[in-house]
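Reviewing the structure listed below.
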Amino acid sequence: MGHVSGRTYLAIPGPSVVPDRVLNAMHRASPNIYEGEIVAITHTLVADLRRLVLTDQHVAIYIANGHGAWEAAISNMFSRGDRALCAATGRFGHGWAEAARRMGVEVELVDFGMASPADPERIAAALRADTGHAIRAVLVTHVDTASSALSDIAALRAAIDAAGHPALLAVDAIASIGCDELRMDAWGIDVLVGACQKGLMLPPGLGFVWFSERAMQRSRSAGLVTPYWDWRPRGMATEFYQFFGGTAPTAHLHGLRESLDMILDEEGLPQVWRRHEALARAVWAAFDAWRAGGHDIALNIAAPGHRGRSVTAARIGNGGAGKLRRWLEAEAGVTLGIGLGMAMPGEPAYGDFLRIGHMGHANAHMVLGVLASMEAGMAALSIPHGPGAIEAAAAAFATSA
């Protein structure tokens, strides 16, 4: 019988924990959608969504998850037969590329594997080889939720510019918005894709696409765009219904108002970034201690500077990750994320991988509690591991906070 009385904890990399005050803000009857409070709130949300990613550019809100936001970005950038250059650093980079292919875009994939960020020089080389400038956009994932690889977006922008190529820079920041440092305008991002269920601390349901004036001008010739996905009415709405292509997602808008208040006006973006840094370093320190002595335990991304601050992908060999995940859910009330893209279900290695989400509404006692529960599970399951992980995690948090 499991010891799971008490509040359970979903420590997966999205959907993340939804704060009680966000749930309470969403828990209301449907309002008048033609005038009044919800209209006023939406105008404040548009302004604050720009603040969230540090941009003066346009933003479109969609009733969709991150996959829908991918499709919105693709449809506004491309016509059938156009070319895209996609830098894949994990399963979600491949997913965005596959979505583009299925929509009729010719994708040139630069695969960086599952354990490293995108290399700007390889992107520049691919663009220099495109002497006819057929590539309309470079698609890259800021933090791939599957691998936890963090790519240097400013360096990729510099590489595109150094190659003298006119391609747009399109960035999937679904797993990094509200967690990792992100500067749309300063980093030269043309199209930025996000969603509400990770760092923004809402249930899934809202997708976002920020787009520059340059991208908006390019979109005028995009043959894939359809009425619902067209970002121009949403980004430059003159009537309230245009923000959403129809009926507004009223409950989510109230929740988003609450979450943006928490992020932007109460904690502040710089402190949000520092908190996620401290939580991530606590997780990394624990894994370093567990690995010490040659144990078959490792973080997926070797270099700390290449790791996302919202999610950690890791390996515990001999099926240890799968065994530990099952034990934690049954005995400790903690759910960790499965490994994605590391091995196929049914393969022996599939049980070697897991992911820990430490994004959004998370603090030290939540993350340190997960790590202590993991150590208890390793002891219960006789998974070999080094000592001192919880002390190391606590010290890492204390010096990073």
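Per residue, how large is the accessible surface of the chain? Use a 1.4 angstrom probe and give square angstrom. Could the numbers behind the result be given before it?
Details: 15550 Å² over 401 residues.
Per residue, the chain has 39 Å² of solvent-accessible surface.
Shown is the FRET efficiency for Ala162 and Asn318, computed with R0 = 60 Å from the Cβ-Cβ distance and rounded to the nearest 0.05: 0.85. Mean-square fluctuations from a GNM of the chain, with a 10 angstrom spring cutoff on Cα atoms, peak among Ala60, Ala47, Ala167 at Ala47.
When the charge dipole of the chain is built from unit charges on Cβ atoms (+1 for Lys and Arg, -1 for Asp and Glu) and taken about the Cα centre, the candidate among Val59, Ala124, His254 whose Cα reaches farthest toward its positive end is Ala124. Sorted largest first, the principal axis extents computed over the alpha-carbon atoms of the range 327-377 equal 35, 24, 14 Å. In this rough spin-label picture, where each label sits 7 Å from Cα along the Cβ direction, the Thr226-Ala330 distance is 4.5 nm.
With all protein chains in place and a 1.4 Å probe, the accessible surface of the range 182-223 carries 51 percent carbon and sulfur.
Note the full-extension length gain between Asp265 and Ala186 as 0.36 nm times their separation in residues minus their Cα-Cα distance, in nm to one decimal. Write out the running numbers ahead of the final one.
Working: separation 79, 0.36 × 79 = 28.44 nm, distance 2.15 nm.
Taking Asp265 through Ala186 to full extension adds about 26.3 nm, to one decimal.
Normalised by the number of residues in the range 257-387, the average gap of Cα pairs under 8 Å and 6 or more apart makes the relative contact order 28 percent. Each 5 Å bin, from zero up to the one with the longest distance, holds this percent of the alpha carbon pairs of the range 225-352: 2, 8, 11, 13, 13, 11, 11, 12, 10, 6, 3, 1, 0. Measuring nothing but how far apart in sequence close Cα pairs (under 8 Å, 6+ apart) lie, relative to its length, the range 31-117 scores a relative contact order of 23 percent.
If the chain between Ala129 and Ser79 were fully stretched, how many nm would it gain, using 0.36 nm times the residue separation less the Cα-Cα distance?
Details: separation 50, 0.36 × 50 = 18.00 nm, distance 2.16 nm.
Stretched out fully, the Ala129 to Ser79 stretch lengthens by 15.8 nm.
Each Lys and Arg adds +1 at its Cβ and each Asp and Glu adds -1 at its Cβ; summed about the Cα centre, the range 235-376 shows a dipole of about 400 debye. With 10 Å bins beginning at zero, the pair-distance distribution over Cα atoms of the range 63-189 amounts to 14, 48, 35, 3 %. Comparing Ala158, Val22, Ser79 along the charge dipole axis of the range 13-169, the residue lying farthest to the positive side is Ser79, per the Cβ-charge model. Site pair Arg122 and Thr8 shows an inter-label distance of 3.9 nm when each label is modelled 7 Å from Cα along Cα→Cβ. Based on C-alpha pairs under 8 angstrom that are at least 6 apart in sequence, the chain has a relative contact order of 24 percent.
Answer rounded, prolate or oblate for the range 1-80, using the Cα gyration tensor with square roots of eigenvalues a ≥ b ≥ c: rounded when a/c is under 1.5, else prolate when a/b is larger than b/c, else oblate. Walk me through the numbers before you get to the answer.
Numbers: a/c = 2.29, a/b = 1.38, b/c = 1.66.
Verdict is oblate for the range 1-80.
Among beta bridges from DSSP that stay inside the chain, the antiparallel ones total about 50%.
With respect to the chain, whose longest principal axis is taken over its alpha-carbon atoms, helix 389-400 is tilted by about 40°.
Roughly speaking, to the nearest percent, how much of the range 55-160's 1.4 Å accessible area is carbon and sulfur?
Answer for the range 55-160: carbon and sulfur cover 48 percent of the accessible area.
Where does the range 302-395 land on the Kirkwood hydrodynamic radius, alpha-carbon pairs, in angstrom?
14.0
If the chain linking Ala398 and Arg101 were pulled fully straight, counting 0.36 nm for each residue of separation and taking away their Cα-Cα distance, it would gain 102.3 nm.
Of the residues Ala29, Ala195, Ala313, the one that moves most in a GNM of the chain with alpha-carbon contacts below 10 Å is Ala29. Taking the Cα centre of the range 61-116 as origin and assigning +1 to Lys and Arg Cβ atoms and -1 to Asp and Glu Cβ atoms, the resulting dipole is close to 100 debye. Semi-axes of the equivalent ellipsoid of the chain are 35, 27, 18 Å, computed as sqrt(5λ) over the eigenvalues of the C-alpha gyration tensor in descending order.
GNM on the chain, alpha-carbon springs under 10 angstrom: the most fluctuating residue among Asp20, Asp296, Asp56 is Asp20. Take the Cα of His365, step 7 Å toward its Cβ, do the same at Ala303, and the gap between the two points is 3.8 nm.
The values are calculated or read from the model by the stated rules, or taken from the named source; none is laboratory data. Source: prediction; values computed, not measured. Virtual Cβ from ideal backbone geometry, glycine too; neighbours counted across all protein chains shown. We work out accessible area using only protein heavy atoms, side chains counted, and drop any ligands, DNA or RNA first. Shrake-Rupley method; radii C 1.70, N 1.55, O 1.52, S 1.80 Å.
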